[in-house]
Amino acid sequence: MTDSAQDGEWWQREAIYEVYPRSFLDTDGDGVGDLTGIRRKLDYLQWLGVGAIWLTPVFRSPMRDFGYDIADYREVDPAFGSLDDLDQLLAEAHARDIKVILDFVPNHTSDQHPWFRASRSSRNNAKRDWYIWRPPGSDGGPPSNWLSILGTSAWQLDPATGEYYYHAFLPEQPDLNWRNPEVRAAMLDVMRFWLDRGFDGFRVDVIWHLIKDEQFRDNPVNPAYIEGMAADQRLSPVFSTDRPEVHDVVVEWRTLIDGYPGAVLIGEAYLPVERLVAYYGDETRREVHLPFNFQMFWAEWSAPAIAQLVESYEGTLNHAAWPNWVLGNHDQPRIGSRLGSERARLAAFLLLTLRGTPTIYYGDELGMTDVPVPPEQVQDTFGQRVLGLGRDPARTPMQWSAEPNAGFTTGTPWLPVPPDAATRNAAALTEDARSILWLHKRLLSLRRDEPALSMGSFVSMGAQDGVFSFLRQDGESTFLVMLNFDSTSTSAVAPLEGELEIALSSHLDREGERCRQGIPIGPFEALLLRPLRR
Ligand code: GLC
């Protein structure tokens, strides 16, 4: 490794791997994954070459939203293990140079959290104002027209006290009142608790939801709404989300985090890029290190569209803002299903060669696809309550081996394992040096060895004949990335003079090949090339 590879923070150089603990590895036979399971698979993650794991919430929870409804921010849910197990996971991850990022869910708690139980117990309770309580509107109905994720009113009447509470998600997930200083202090304590134990930072849940309009004004109708869109899209959530005051809260967190060198703050926000980048803050008021960039979830998968997307994102960031890219997560259909297996390789190549921190969703390195879940087996409350909102298909057990239940459990898995797990599994793909798993491993290892591919600059060469090309550069070292988004072979014009060598192809079968102008590139093939010195 050269000196410049040491530049930058770990969260800039390394890839983040999202673990959905329920589905990673079950070691006690209850069909649900656990912390011991994650610990046992650290060698695999180290072999793969990721620098950090982000665990979706493992805290005490009634599991109405599988951990995103927290009843105790400082306790591990028994379904996953104990606090000791979590500490042990951290220690063993650190021993392998793998960071551990926890999920911080500040917007709402479970309705079973003692804070909410107290809050709802009476209008005079000291915790009443910790949540968002409002009297009925002038018509006796909900206080505003705001909609929850389910597409119905986000206000739930509490008959005992005659007021409504606000919930952006399930009624079992009441929103905290972030205008209340006690709430802010209590949640800073929660962050401190985990940072003091040595965790490496947080992925912050629904960061843009935190603060709501002080006057609770009605949201306007969404002019872009068309039949078939999710029901909550009928309104534009301008008064219920992304309020200017949210940035003050994020600045407070960042100030705390900055007291823990190396700790990272990642924000989840589904927002247009120009509003998303505001969550970086600026030089005097820093906010999150990485506001998750989800644009690839909905991108048109063509060379011009992706080139345009990447160029405009890069162009929107100021020099201090570090880019990041996300291809999949536990809320979206899997990349393998969105694009199919050939394009999934191309997508991995893109993710791991662009400038910016990549996030890999567990199983995507195997090319796992969405697994159909029959209606009577739906586990996700969103899907149980509203047809089409279920996220189970992308959360099925990690496919470890050809053993029963893909080696995930000796019991009955909480979600089905698909038939293709017999061949599409980590054990089998480890043995296949041209697999998508090896493609991930090779790309991750190149990123570590070549500063140009991690901290290096990015220069787009645009899209031509279905091929998107860009340069990555650091000092003397230059790489050219060419990605063919089309299903036909082509001969691509390299924007570099002289002879080039293929450092990696997405099919893992052309390394060392030399070429000049007119580089043959196969259907959905991606190439990493470097100029040969004369
Ligand atoms: C985030 C999580 C999602 C959860 C929601 C409410 O979007 O990723 O899984 O349901 O927040 O906490």
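The values are calculated or read from the model by the stated rules, or taken from the named source; none is laboratory data. Since this is a predicted model, take the numbers as computed values, not measurements. Reconstructed Cβ throughout: ideal geometry from the backbone, glycine too, with neighbour counts over all protein chains shown.
Could you check region 298-333 and list, in sequence order, the residues that are among the hydroxyl-bearing types (Ser, Thr, Tyr) and assigned to a loop (DSSP other than H, G, I, E, B)?
In the first step, residues of region 298-333 are kept if they are among the hydroxyl-bearing types (Ser, Thr, Tyr); the result is 302, 312-313, 316.
The answer is 302, and nothing else.
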Take region 136-160 and flag every residue that is out of contact with any strand residue (DSSP E or B) (no Cβ under 7 Å at 6 or more places or on another chain), closer than 24 Å to residue 121 by Cβ and within 16 Å of the ligand (Cβ to nearest atom). 148
Evaluate region 107-118: report whether one residue or more is assigned to a loop (DSSP other than H, G, I, E, B), at pLDDT 95 or above and surrounded by fewer than 16 Cβ atoms within 10 Å (Cβ to Cβ). no
Among the candidates 491, 487, 505, which residue alone is surrounded by 16 or more Cβ atoms within 10 Å (Cβ to Cβ), outside the structural domain of residue 343 (by TED's automatic domain parsing) and closer than 24 Å to residue 304 by Cβ? 505
Options 383, 336; residue that is assigned to a helix (DSSP H, G or I), within 14 Å of the ligand (Cβ to nearest atom) and either touching a residue at least 24 places away in the same chain (Cβ under 8 Å) or more than 26 Å from residue 8 (Cβ to Cβ) (or both): 383
More than 30 Å from residue 85 (Cα to Cα) and either touching an Asp or Glu at 6+ places or on another chain (Cβ under 7 Å) or away from the ligand (no atom under 14 Å from the Cβ) (or both): does that describe residue 203? no
Residue check: is residue 170 within 16 Å of the ligand (Cβ to nearest atom) and either in contact with an Asp or Glu (Cβ under 9 Å, 6 or more places away or on another chain) or touching a residue at least 24 places away in the same chain (Cβ under 8 Å) (or both)? yes
I'm trying to understand the selection: among the residues of region 247-264, which are out of contact with any Gly (no Cβ under 6 Å at 6 or more places or on another chain), in contact (Cβ under 8 Å) with a residue 40 or more places away in the chain and either of a type in the set (Asp, Glu) or not in a loop (DSSP other than H, G, I, E, B) (or both)? 247, 249, 250, 252, 253, 256, 257
Can you spot a residue in region 383-396 that is closer than 21 Å to residue 453 by Cβ and not aliphatic (A, V, I, L, M)? no
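Matching residues to (1) buried (at least 17 other Cβ atoms within 10 Å of the Cβ); (2) closer than 30 Å to residue 93 by Cα:
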{"site": "143", "(1), (2)": "yes, no"}
{"site": "149", "(1), (2)": "yes, no"}
{"site": "170", "(1), (2)": "yes, no"}
{"site": "180", "(1), (2)": "no, no"}
{"site": "186", "(1), (2)": "no, yes"}
{"site": "191", "(1), (2)": "yes, yes"}
{"site": "199", "(1), (2)": "yes, yes"}
{"site": "209", "(1), (2)": "yes, no"}
Selected residue [surrounded by fewer than 23 Cβ atoms within 10 Å (Cβ to Cβ), without any contact (Cβ under 8 Å) to a residue 12 or more places away in the chain and more than 16 Å from the ligand (Cβ to nearest atom)] from 311, 342, 300: 300
Quick check on region 271-299: of everything there that is of a type in the set (Phe, Trp, Tyr) and more than 14 Å from the chain's Cα centre (by Cα), which residue is nearest to residue 260 (Cα to Cα)? 280
Is it fair to say residue 442 is in contact with a strand residue (DSSP E or B) (Cβ under 7 Å, 6 or more places away or on another chain) and over 30 Å from residue 172 (Cβ atoms)? yes
So which pairs qualify, if the first residue must be in region 145-164 and without any contact (Cβ under 8 Å) to a residue 40 or more places away in the chain, the second must be among the basic types (Lys, Arg), the Cβ gap must be under 9 Å, and the two must be at least 6 apart or on different chains? 155/134; 158/120; 162/123; 164/134
Residues that are in contact (Cβ under 8 Å) with a residue 60 or more places away in the chain and within 14 Å of the ligand (Cβ to nearest atom), drawn from region 58-80: 62, 64, 65, 66, 68, 69, 73
Give the residue that is farthest from the ligand (Cβ to nearest atom), with candidates limited to residues of region 386-403 that are touching a residue at least 40 places away in the same chain (Cβ under 8 Å) and in a helix (DSSP H, G or I). 393
All but one of (1) in a loop (DSSP other than H, G, I, E, B); (2) among the aliphatic types (A, V, I, L, M); (3) in the same structural domain as residue 46 (by TED's automatic domain parsing); (4) surrounded by 14 or more Cβ atoms within 10 Å (Cβ to Cβ) hold for residue 437, so report the exception by its number. (1)
In region 393-400, is there at least one residue being surrounded by fewer than 19 Cβ atoms within 10 Å (Cβ to Cβ) and modelled with pLDDT of 95 or more? no
Any residue at all in region 363-378 that's aliphatic (A, V, I, L, M), under 21 Å from the mean Cα position of the chain (by Cα) and within 16 Å of the ligand (Cβ to nearest atom)? no
Please list, ordered by residue number, the strands (runs of 3 or more DSSP E) wholly in region 440-534 having 1 or more residues that are basic (Lys, Arg). 467-474, 526-531
Residue 279 - would you say it is part of a helix (DSSP H, G or I), under 17 Å from residue 205 (Cβ atoms) and within 16 Å of the ligand (Cβ to nearest atom)? yes
Within the bounds of region 416-429, is there any residue that is free of Cβ contacts under 8 Å to residues at least 24 places away in the same chain and β-branched (Val, Ile, Thr)? yes
Hey, which of the helices (runs of 4 or more DSSP H) in region 1-85, taking only ones fully inside, have at least 2 residues that are assigned by TED's automatic domain parsing to the domain that holds residue 98, under 20 Å from the mean Cα position of the chain (by Cα) and surrounded by fewer than 24 Cβ atoms within 10 Å (Cβ to Cβ)? 10-13, 42-48
